[in-house]
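Reviewing the structure listed below.
The values are calculated or read from the model by the stated rules, or taken from the named source; none is laboratory data. Quick caveat: nothing in here was measured; it's all calculated off a predicted structure. For the accessible areas, the whole protein counts, side chains as well, though only heavy atoms, and no ligand, DNA or RNA atoms are used. Shrake-Rupley method; radii C 1.70, N 1.55, O 1.52, S 1.80 Å.
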Amino acid sequence: PPRGPRAEGREVGEVVERLLDDWSGVWALAIVCAVCGNDLYDVRYCDDGRVERHVQGAELRKPPASDEPLFRWRVGDAIERLLDDISDIWAPAVVCRASTDGSYDVRYADDGRLEVGVDCSELRSRKERRE
């Protein structure tokens, strides 16, 4: 049955594929949300947000390479969310979840409010701030 390469050294926020069925070789896209030690990881599935705990590193692999990055931002990245495009008003936030449809869940820095399904076109890195 197919197996992923050893996953030693994975880090929180890293995009991986998780082996779901080793007989048919079915893999699911996920994000590492915790490093548990002893080559075990908690992963959050990108399709439904479900968390699976203590996944063996041997059941994780890097997603296939592509010309475009799957996610522009990773969980924990400091970003800004466009609130008003006419006045060019942006609010600081942190990425909490990246979805395979290109949207992100973000938590606002000022009040801790969570917004789900934000289109990537309405986000920018805090480093891209224009003065």
Among Asp48, Asp67, the single one that is more than 17 Å from the chain's Cα centre (by Cα) and modelled with pLDDT under 80 is Asp67
Among the numbered criteria (1) open to solvent by 50 Å² or more (accessible area, probe 1.4 Å); (2) part of a strand (DSSP E or B); (3) modelled with pLDDT of 90 or more, which single criterion is violated by Asp111? (2)
Which one is least open to solvent (accessible area, probe 1.4 Å), of the residues in region 16-37 that are within 17 Å of the chain's Cα centre (by Cα) and modelled with pLDDT under 85? Ala28
